[in-house]
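To keep things clear, I will list the structure first and then write my remarks on it.
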């Protein structure tokens, strides 16, 4: 054994270099960015599911009100913008007034629970159309009633709104 060999072995011992540490940090940071992206996507999906669930609950609510009030014409009341505050059938003079009140309260609930939310009840032979409450594309020619609810929940500018349609037979 030579005396200089021991010194050379100590100088070239294996270990981490600065380059290896930087590569490891790069790989770790890419992984953390991927996890952050997954978290963001999950939160966005949960928000969209929450809005769709709220829209389904609100659609079932107005269908239940319609089925409970046989005297009211909800299709005619849908065109009325009047808000009548009668919380019980005896507080209203007719089923028509209760239908107007039901739709007014329903639209207020849509506006409160959904961003830019709006909705309508109409007769429509092709219920899966319409852009908004202003343009619901209800043709009024069919025996199929439809509840249509729109809300702004998508960041995509090609489809600036989400829609839930519930066709039903009264």
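The values are calculated or read from the model by the stated rules, or taken from the named source; none is laboratory data. Worth saying up front: this structure is predicted, and the values here are computed from it rather than measured. As a convention, Cβ positions derive from the backbone with ideal geometry for all residues, glycine included, and neighbour counts pool all protein chains shown.
What residue, of 86, 138, is in a loop (DSSP other than H, G, I, E, B), modelled with pLDDT of 75 or more and surrounded by 14 or more Cβ atoms within 10 Å (Cβ to Cβ)? Result: 138 is the single residue among 86, 138 that is in a loop (DSSP other than H, G, I, E, B), modelled with pLDDT of 75 or more and surrounded by 14 or more Cβ atoms within 10 Å (Cβ to Cβ).
When the range 1-21 is filtered for residues that are in a helix (DSSP H, G or I), loosely packed, with under 10 Cβ neighbours inside 10 Å and modelled with pLDDT of 80 or more, the ones remaining, listed by number, are 18, 19. Summed over the range 103-132, residues that are touching a helix residue (DSSP H, G or I) at 6+ places or on another chain (Cβ under 7 Å), crowded, with 21+ Cβ neighbours inside 10 Å and part of a strand (DSSP E or B) total 3.
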